[in-house]
Amino acid sequence: MSDHPSRFTGGSIVDHIRERIEAGIPGAKAKVEGGGGHFTLEVVAAQFKGKNTLEKQRLVYSTITDLMSGGDAPIHAVDTMVTRVPEGA
């Protein structure tokens with residue numbers, strides 16, 4: 001984990017990222033780990049059904065794009081992103 005200066009001042013960035021993903025993809029469950037600007041995401045959502053990997057990743061990124069913009073953005077990199085459809089969906 002690196003030391004990445006950030007403009008984020010709203011409490012836990014990990015919780016904020018998770019909340020943003022879950023709000024932007026209704027019914028999604030997100031697990032977010034990391035810090036220092038580098039994060040690992042695991043997102044499970046029925047909306048992923050029938051989509052290829054790139055489409056799923058774009059959907060997740062669309063919920064956090066503003067958190068990745070600028071030199072002092074709270075998200076410097078998503079090191080790993082796992083996207084899955086829930087069982088039975």
So which residues in the stretch 42-79 are in contact with a Gly (Cβ under 9 Å, 6 or more places away or on another chain) and not aliphatic (A, V, I, L, M), if there are any at all?
Q47, S62, T63, P74, H76, D79
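Would you pick out the residues in the stretch 24-74 that are of a type in the set (S, T, Y) and either out of contact with any helix residue (DSSP H, G or I) (no Cβ under 6 Å at 6 or more places or on another chain) or over 18 Å from I13 (Cβ atoms) (or both)? Talk me through it step by step, then tell me what you get.
Keep residues of the stretch 24-74 that are of a type in the set (S, T, Y), which gives 40, 53, 61-63, 65, 69.
Once the filter is applied, which keeps residues that are of a type in the set (S, T, Y) and either out of contact with any helix residue (DSSP H, G or I) (no Cβ under 6 Å at 6 or more places or on another chain) or over 18 Å from I13 (Cβ atoms) (or both), the stretch 24-74 yields T40, T53, Y61, S62, T65, S69.
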For the stretch 13-33, pairs from a residue that is touching a residue at least 12 places away in the same chain (Cβ under 8 Å) to a residue that is part of a helix (DSSP H, G or I) and basic (K, R), with Cβ under 6 Å and 6 or more apart or across chains, are A30/R18; V32/R18
For the stretch 56-74, how many residues meet the condition of being in contact (Cβ under 8 Å) with a residue 40 or more places away in the chain and under 18 Å from A23 (Cβ atoms)?
4
The listed residue being at pLDDT below 95, more than 14 Å from the chain's Cα centre (by Cα) and either among the acidic types (D, E) or surrounded by 14 or more Cβ atoms within 10 Å (Cβ to Cβ) (or both), out of D66, D3:
D3
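The values are calculated or read from the model by the stated rules, or taken from the named source; none is laboratory data. Fair warning: this is a prediction, and the values are worked out from it, not measured in the lab. Every residue, glycine as well, gets a Cβ built from its backbone with ideal geometry; the counts of neighbours run over all protein chains shown.
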